[in-house]
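Notes follow once the structure below has been shown.
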Amino acid sequence: MDEHRLLVLSDGSVYAGLGFGGPALNLDELDTVPAPEKSAGEVVFNTAMSGYHEVLTDASYTGQLVAMTYPHMGNYGTLHDWSEIGPEGPKPRVSVKAAGFVIRSLYRGPVPEGRASLHDFLSAGATPGISEIDTRRLTLSLRNEGTRNGLILNRPGGAALSAAELERVKAFLAAFPLMEGRNLIGDVGTTEITEVNSGGSPRIALLDCGAKANIIRELVTLGCSVSVLPSAADASMIRDGGYDALLVSNGPGDPAVLAQQVETLKSLVGSTPLLGICLGHQLIAEAIGARTHKMSFGHHGVNHPVRDEITRRVFVTSQNHGFAVDEDSLPEGTMVWLRNANDQSVEGLLDTSRKIRTAQFHPESAPGPHDSKWIFASFLEMIK
């Protein structure tokens, strides 16, 4: 901890800071093939004041360096019970999903008994962090110019990069895959069927593209039996299971390249009630013929207002997505149910004739406000 590190963006901007957590890349490792899972990725900013543990363990952040806009992180430690890595199952799951963590100030004092420090948690997850950088300047850059790839780089002694070294880093980042076009769901989620609260009702199949654990908890709280299925599950597996509905989960990457999942959903439209959260919302949209697009800097935080277009009620939501559904591409019969009150983007779809409901945000709200938990009851009401 405290070794000098740099955060370098693909446009050549550099932010100097101090390292913590797991190892970062060294300059002489930039020829590593294949692309590293940690240290490099798309840089996004999150506006939450707390909830860093849930953010770091959310599979939707796979392939991303997460910069927190709130200046101070780590003061209450970390606890496994807060993790959002989904059902444990028989195989161990990687705890930290984000590729790196970027903050202004790291808390270095004691944490409550039974908890681990943020530094130790990231170290155990082999995930690099960088602190003491100007996160305000970084956030303004991402907001004004859009997200881009970045790299957390070890820099012994804290010396500035030479012009040649900077060009080398920029070349590495130029070759690093963009989030647009990336299929990352094979890196997350369950690999076998996991039953939770067997015997409950209704019976929900959950297509696990990187599902947050709290989605399952909320369904179980409402009495549901949940069968967590691998993201590669086909339509026949879902039909033969006799489920009352299929819920497609959140997850990382670009929905437009997930052809297998889109084809599976196309086969189920009209015969199986479909529910979608975040990536699941986008995949269902693709399956009914709509299009998705990459947003400039996305929505990442716990303070996003969403309006119910039926009741006109506005509530506050937790969000993490960099892609959105193109409203103009929606087919006849599918309406915009929920809309972002800030930028008017599509936050949820409703198609009563085909029993489809989706939410772009996270109604399970971990971390975040509880305003939108009613969405789960609304989902279940549709399939009665």
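For this structure, a couple of remarks:
- Neighbours of PRO367, meaning other residues whose beta-carbon lies under 12 angstrom from its beta-carbon, give a summed charge of -3 when Lys and Arg score +1 and Asp and Glu score -1.
- Taking other residues whose beta carbon is less than 15 angstrom from the beta carbon of ALA171, and scoring Lys, Arg as +1 and Asp, Glu as -1, yields -3.
- Amide H partners (placed H, <5 Å) of VAL43, local residues excluded: LEU65, ARG148, ASN149, GLY150
- Taking 19 Å as the cut-off, the amide N atoms of region 161-197 that come nearer than this to a point 7 Å along the Cα-to-beta-carbon line of GLU37 belong to 176-179, 182-192.
- Long-range amide H partners of TRP337 with built H, under 5 Å: GLY348, LEU349, LEU350
- Within a Gaussian network of the chain (alpha carbon springs, distance under 10 Å), most fluctuating of ALA175, ALA40, ALA285: ALA175
- Relative to the dominant Cα principal axis of the chain, helix 163-175 is inclined by about 10°.
- Sites VAL14 and ASP244 - FRET efficiency at Förster radius 41 Å, r taken between beta-carbons, to 0.05: 0.15
- Length gained on full extension, SER271 to THR221: 15.4 nm, using 0.36 nm per residue less the C-alpha separation.
- Estimated vicinal HN-Hα couplings, Hz - region 197-210 in sequence order (Karplus 6.51, -1.76, 1.60; Gly, Pro = x): 6, 4, x, x, 8, x, 8, 10, 8, 10, 6, 8, 9, x
- Gaussian network model of the chain, springs between alpha carbon atoms under 10 Å - residue of GLY77, GLY199, GLY251 with greatest fluctuation: GLY199
- For the chain, size of Cβ-based charge dipole, Lys and Arg +1, Asp and Glu -1, in debye: 540 debye
- Counted charge near LEU30, where neighbours are those whose Cβ lies closer than 12 Å (Asp, Glu -1; Lys, Arg +1): -3
- Label assignment, semi-axes √(5λ) of the Cα gyration tensor in Å derived from the structure, set (1) 36, 22, 19; (2) 48, 23, 20; (3) 52, 22, 16: (1)
- Between HIS4 and GLY19, ARG155, GLY157, GLY158, the built amide H atoms are under 5 Å apart, and every one of these is 5 or more places off in sequence or on another chain.
- Computed 3J(HN,Hα) for region 112-128, one whole-Hz value per residue from the Karplus formula 6.51 cos²θ - 1.76 cosθ + 1.60 where θ = phi - 60°, is x, 4, x, 10, 9, 6, 4, 4, 5, 5, 5, 4, 5, x, 6, 10, x, glycine and proline marked x.
- The label-point distance for THR191 and GLU145, in a model that sets each label 7 Å from Cα toward Cβ, rounds to 4.1 nm.
- Relative packing of 139-149, 324-334, which averages over residues the other C-beta atoms within 10 Å, highest first: 139-149, 324-334
- Theoretical gain in end-to-end length, GLU309 to SER201 [0.36 nm per residue, Cα-Cα removed]: 35.9 nm
- Residues in region 266-277 carry Karplus couplings, in order, of 4, 5, 9, 4, x, 10, 10, x, 10, 10, x, 10 Hz; the curve used is 6.51 cos²θ - 1.76 cosθ + 1.60 with θ = phi - 60°, and Gly or Pro positions show x.
- In the chain, Cα pairs under 8 Å separated by at least six residues give a relative contact order of 16 percent.
- For the chain, built as a Gaussian network whose Cα springs stay under 10 Å, the top-fluctuating residue of VAL111, VAL226, VAL316: VAL111
- Taking the C-alpha atoms only, the angle from helix 135-145 to the longest principal axis of the chain is near 60 degrees.
Read-outs: derived from the displayed coordinates by stated rules, not from any lab. Since we're looking at a predicted model, the values are computed, not measured. When we count neighbours, we look across all protein chains shown, and the Cβ atoms used for this are built from the backbone with ideal geometry, even at glycine.
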